[in-house]
Structure formats: structure tokens, C-alpha cells
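Reading through the C-alpha cells given below for one structure.
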Amino acid sequence: MSKTVVIDPVTRIEGHAKISVFLNDAGDVDKAQFHVVEYRGFEKFCEGRPFTEMAGITARICGICPVSHLICSAKTGDKILAVKIPVAADKLRRLMNLGQITQSHALSFFHLSSPDFLLGWDSDPAKRNVFGLIAADPDLARAGIRLRQFGQQIIEILGGRKIHAAWTVPGGVRSPLSEDGRAWIVERLPESFETIRKALDIFKGLIAGPMKEEVNVFGEFPSLFMSLVSKTGEWEHYDGVLRFTDSQGNIVADHLSEDDYQDFLGEAVEDWSYLKFPYYKPLGYPDGIYRVGPLARLNTCDRIGTPAADQELQEFRSYAGGVPTSSFLYHYARLVEILACLEKIQILMDDPDIVSSRVRAEAGVNTLEGIGVSEAPRGTLFHHYQVDEYGLIKKVNLIIATGHNNLAMNKTVTQIAQHYIHGEEIPEGFLNRVEAGIRCYDPCLSCSTHAIGQMPLHIQLMKPDGTLAKEVYRH
Amino acid sequence: MAVKTLKIDDIDVAIEAGATLLQAAQEAGVPIPKLCAMKGISSIGACRLCLVEVEGINKLLPACVTEVAEGMVVHTQTPKLQEYRRMTVELIFAEGNHVCSICVANGNCELQDVAIEVGMDHSRFTYRFPDRGVDLSHPSFGIDHNRCILCTRCVRVCDEVEGAHVWDVANRGAACYIVSGLNQPWGEVSACTSCGKCVDACPTGAIFRKGETTGEKQRDRDKFAFLSTAREKREWTR
């Protein structure tokens, strides 16, 4: 008799979700669904607000990556002002985003996911967390926490606070980098390089041996990849053009502008999730499945543009023997990206523009519509505003990184469930693997539904007639 | 000059006749919370935060509009007053849409300061979430009615100091709101001299400079006392 398993809540991710696993009559997994069960409605209540407030408001969607919204919103505001921002402002925004990507990736790897790798999928769930990691390997845990602190501190040095620093504004940024701030960053860089080197060595060791199976099972499927790249095809996180590539490494579309996102991105809605399902329009729904985020950014770019990260990129690609298509490799990509961020931060530290005091262009409302784009740690983020002649918001559309990966996350949990779950009795470690499939994407559900909440997990096992056979909760 | 002597919270105070209890308290170094009163403009006793108890009088009196009298014994911090003040601040928060986290005045807001001063950590009253608008029609400034507490400082400063009388209060009770001109968009009011005094006078983020983002509002709170002294005494020092 077929059944459905529900994992609710999904733990160690940012936001609130559950997973349903549908079993067929033979007791094998038919399909699995990842439901995002929270809703906040930012797009609605921003209506009527001045567009200049949007960075501050949208940053409040999330405490992990408020910088992503700050940057994307400010870029959208730049377009409404119709200004070119000062060179220093451009570089300072980049610096903050690099700090943001570093801290968010460090959080994903060390705090949220590494307990699975280092303590084991089937280890005691009560200890399978960052505190268990601190007990098992205090040096590594401390280094990881300090790496995250490094990124957070860059945000605070620039914006005055680590979380919700409303420092990026339409036209630029509010204040320049202080000499003291620069000195602190320069001093802490070597330690951060050391930590990321160590993490890369550990992870490469795991996927070369003990975790080979995960690479083959955790979301190993062909799909498109989307991200920003520079006009010359380099890895990009702040500006540039949009590029789609496929699983063979072919460029499917290039030099796309965020202004035309509605031409190539569609959004489907399913009645079992609050999270929309974006797809690449030319291929239709659901064939237009694409992935964004660290894995996609490393797959779309020709090169990263810094020596150490480029060497790691080469190794990353040769490990996969072509285009890495397993979502388990998001973790690997995240580490390569931290290295890239650190190298790019180092380059910025030697740039004289970075302490310039010309950081803000001022103008009035010069266009009534603006679309901004940037790369959040989790992938490509779009803000789209329409304003009236005075700059009051008439309409908002936010397309969030986690949303782009919705189809891929569903495919991943199905693949993992099909591999590990057979019959009604499900060991906890197997459920953890299903959750970990989601964690590969480091989803931020608060952002993606613009929603409130935490991320406990609920798995339901459903019978073929739709009735509930078993559920597992974890809070 | 006639002088009145009185006691405020057991402190002996001597002050010229005609002064208010609020001025006397300030003279004595006794802090009394206030939102509508401001040096340099007339007082109207609108916010009710400066209520005090005077021995022998069976009702609470607003210190900003009560004249000192000989032999008065005034209490400013009784449990009853503290409770009423907190309740008043809670009512102000519940009445409008005050979202500090994204407000231009965050960190530089008198309403926020008063809430901290009276120990408000939540509102016992249900928030009304009124549907109010934002007027950005003026080229330099904006008014967000969501953040307005109807203290009418803008009305008084524009009338009494600038002399332009752009602002007024429309309607009654809970439907009251500040209007510019004859309830026109601010940018269309020809009387406005764009001096920005209302921005400086506004205790919250309701009136602001356009383009200001979260926590960016700066204000010159002493400007009006300076202007008033300059006019009356011909002294231009600050």
C-alpha cells in the first residue's frame, strides 16, 4: 500500500518548510515534494512607500543575507534616479557583498552542513549540530566561526552594524571605508585564507572517498545554470550580464540584461507550496529547470579572475570530469567562492578608491521603473519596482535566489528519497539525508517567500489514497 | 520682576511669574517627558505627557501650559503619573504606524526616546494600523502621515516662526490629520517657503528630507529657541 512520509520541519536551513515523500504500493518512493510553508507579503505592503526606503525595508526580509537585498534594492534605486554611482561606491558595495558571501557561505558550511559530513549522517541528532562540532573538533569549529565573523565584521565596518545595516542607498553608499577599517580587514585576511584552505582540503578528501555516493545521489541531474558573469565572462557577484549554460558547458544564452528578465524567466505556481517555481521560458515549465548559486556561478563563468580561486576552479571541474552537475557539489563550490571572495577583498584593500569620500550621487526620480540584479550568496536576486512621479512604490516584484532553485530542490529530494527510502520504516539518518539534499542549496526560505519563521522539519509519509501513513517532526 | 517660589519633587525653585511649570522644572533640573512642547514656539498641551500632580488640585495638570503660582507643591514622578505617561505613549504607538526599524528618524526620534524614558516595552492596546498616505510632492521634503503623532509642532513653527502658515489640522478625533494649504499636495502650496523648519521641528520621522533612508534624519532642535531669542532680544549667539 502506498504511503507518504512528511519531514516537518526541515532543520538547519533558513526558513520554514516540510517535505512529503509519496510511496507507491510496492513501498518505493514515487516522488517527493519540498513545501515552503510560510508567507509574509513584502511585495504588497511595500506599495505606497518611498522607493528610497526599499533597501531598508527589504533588508528586513532576512537576518542572514540582508546585504543582498540592500545591494539589489540600491541598484534598482540607482536606475530610478538614472545615475551612475561614484567609482568608490561601486567598489565599496562590492566589498560589502564579498563580506556577505563569505559570512553566509561560512555559516552554511561550518555551522549548518559540516556536522553531517564530520560527525556522520547517522550520528546522534542531538549532537549533530555546531555544538557537536565544537566538541569534536574545537579548532576547526572556532576557525569556521571566525571566518564567518570576518565577513560579518566587514559588513559592520562599512555599514555600522552586522545585520540590517541600511548603508547602501540609491545613488551609492552612505559612508566611505575608514583607514582603521581597512587595517582590520588586512590584518585578518591571512587567517581567513588559512581557514578556507583547510576546509577545502577536508571537503576534497571527503568527496574523493567517503562521500562519493552523496555526490552521485544528492541532486545529480542535468539542468541549466544561471548567474551573472562579467562582460568578459568572468565570475561576477555584483554587476555584469546574465548567462545560461547547460550541463555540457554550452552557453545557452548570454549577455542577457536584467531589464528583460520577464522575457526569459517564467514563474509557475503549485498549490502545495508558497514558493513559486521559476523556469527558463524558452524551454517551458517544468523543462526549463535551472539552478543558481555557487554551483551555477562556477559553471557559467569562464574563469574567476584571481589566481588561487582559478586553480581551485580547474580542480573542481576536473573532479567532475566536465561540468559539475551534482547539487552536493554546492558545498564545494561555496568553499571555492569563499577563496575567490578573500582574494577579491585583498585586491580591493590595495585600491586607493576604496577610501575615497565621494560615495553618493544625488538625483530625483528620473525614470518610473527600475530592475536591479545582484548575486546573493544563494544565487541571482532581482528587484523590480514601479514608482509614481514622486517616487512612491506602485508595484514590487522580488525574485529571490532560493526560488530559482525550487524545481531543482524538489528533484533533489525525490532523488535522495528514491535512493534511501524503501518501505514504511525509515531510519532517522535517512530522513537527515533528505533534509541535507535541501541544505546543499543553503535555501533561505524567509527571503524566497519574503516570509517569516524558522526552519523546523516535518516529513509526511502518504498512502496512495492520500491519507497519512506516518509523520516525523523535528523542531 | 515678580518671582514665585514653589517646590518640585522636593526641590525649592524660584522663577519669574508667568513661567510655566515645565520651565520651572527645567530650571530645577527635573526632567519631564514631552512631545508637543518645544522651545521657541507656543505651548498647547496636546500630547499630555508632561502631566504633573499639584497638591490641593484634584486633577492632573499639563506642565507646559500651567503657570507657576506661589507656594505650589508639584510632583512629577508619582506611580500614577508614570502609569499614565506610559499609557499615553502606548496609545500614540497604537494609533499610527510607527515602524522604527525602517524609519528615517530611527535613533534620532523623540517618540522613540520618550518610549524608552517611560519604560514602554510593548503596547497593551491593539494597533489600529490606519490606512494613511505619504506626500512626496514637495521638491525637497516629504510627509509620511503614518508617523505623525499630531503634536502640531509643524503647524506652530510654520505659523509663528516662519510666518507662512502652510500647515493645519483637518477633521476631528481619530480622523485628524495634518494638511498643507487647503488640503492640497504639499508641492502645490505656494505659501511654502521651503525653509525646512517643519522638518527640524517634527519629533518623529513624519516630515523628512527627500532621499533620506533608514536612520538618516538629522534635525536642528535648538534652531527655534535661537530664532526666538534673536528676534526678541536681538541676540544672534547660539
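The values are calculated or read from the model by the stated rules, or taken from the named source; none is laboratory data. Keep in mind the model is a prediction, meaning the values are calculated, not measured. Every residue, glycine as well, gets a Cβ built from its backbone with ideal geometry; the counts of neighbours run over all protein chains shown.
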Residues in the stretch A:50-67 that are in a helix (DSSP H, G or I) and within 12 Å of another protein chain (Cβ to nearest Cβ): how many?
10
May I ask you to list pairs of residues, at least six apart or on different chains, whose Cβ atoms are under 6 Å apart, with the first in the stretch B:9-31 being in contact (Cβ under 8 Å) with a residue 60 or more places away in the chain and the second being buried (at least 18 other Cβ atoms within 10 Å of the Cβ)?
B:D9/B:V30; B:D9/B:T76
B:I116 vs (1) at pLDDT below 95; (2) of a type in the set (V, I, T); (3) surrounded by fewer than 18 Cβ atoms within 10 Å (Cβ to Cβ): all pass except (1)
Answer from B:G215, B:G211, B:G205 - the residue that is part of a loop (DSSP other than H, G, I, E, B), touching a Gly at 6+ places or on another chain (Cβ under 7 Å), within 12 Å of chain A (Cβ to nearest Cβ) and within 30 Å of A:W167 (Cβ to Cβ):
B:G215
Residue count, the stretch B:89-115 (criterion: more than 22 Å from B:D222 (Cα to Cα) and aliphatic (A, V, I, L, M))
6
Failed condition for A:K281, given (1) modelled with pLDDT of 95 or more; (2) buried (at least 16 other Cβ atoms within 10 Å of the Cβ), with all others met?
(2)
By residue number, the members of the stretch A:161-213 that are crowded, with 18+ Cβ neighbours inside 10 Å, within 14 Å of chain B (Cβ to nearest Cβ) and not aliphatic (A, V, I, L, M) are A:H164, A:W167, A:T168, A:P170, A:G171, A:G172, A:R174
Quick one: count up the residues across the stretch A:222-245 that are in contact with a helix residue (DSSP H, G or I) (Cβ under 9 Å, 6 or more places away or on another chain), within 13 Å of A:A296 (Cα to Cα) and part of a loop (DSSP other than H, G, I, E, B).
3
Do we find a residue being closer than 21 Å to A:V292 by Cβ, crowded, with 17+ Cβ neighbours inside 10 Å and either touching a Pro at 6+ places or on another chain (Cβ under 6 Å) or modelled with pLDDT of 55 or more (or both) anywhere in the stretch A:458-468?
no
From the list A:I421, A:I438, A:I400, A:I416, which residue is under 29 Å from A:L81 (Cα atoms) and buried (at least 24 other Cβ atoms within 10 Å of the Cβ)?
A:I400
State all residues of the stretch B:100-138 that are free of Cβ contacts under 8 Å to residues at least 24 places away in the same chain, of a type in the set (V, I, T) and under 18 Å from A:F45 (Cα atoms); if no residue qualifies, say none.
B:V134
Of all residues in the stretch B:137-158, which are more than 21 Å from B:A175 (Cα to Cα) and either within 14 Å of another protein chain (Cβ to nearest Cβ) or in a loop (DSSP other than H, G, I, E, B) (or both)?
B:S137, B:H138, B:P139, B:S140, B:F141
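Please find, among B:E53, B:E70, the residue that is among the acidic types (D, E), more than 29 Å from B:W236 (Cβ to Cβ), touching a residue at least 24 places away in the same chain (Cβ under 8 Å) and assigned to a strand (DSSP E or B).
Details: B:E70 fails: assigned to a strand (DSSP E or B).
Sole residue among the options that is among the acidic types (D, E), more than 29 Å from B:W236 (Cβ to Cβ), touching a residue at least 24 places away in the same chain (Cβ under 8 Å) and assigned to a strand (DSSP E or B): B:E53.
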With the requirement that a residue be hydrophobic (A, V, I, L, M, F, W, C), at pLDDT below 70 and surrounded by fewer than 24 Cβ atoms within 10 Å (Cβ to Cβ), what does the stretch A:1-32 give you?
A:M1
How many residues does the stretch B:47-85 contain that are in contact with a helix residue (DSSP H, G or I) (Cβ under 9 Å, 6 or more places away or on another chain) and over 18 Å from B:V30 (Cα atoms)?
1
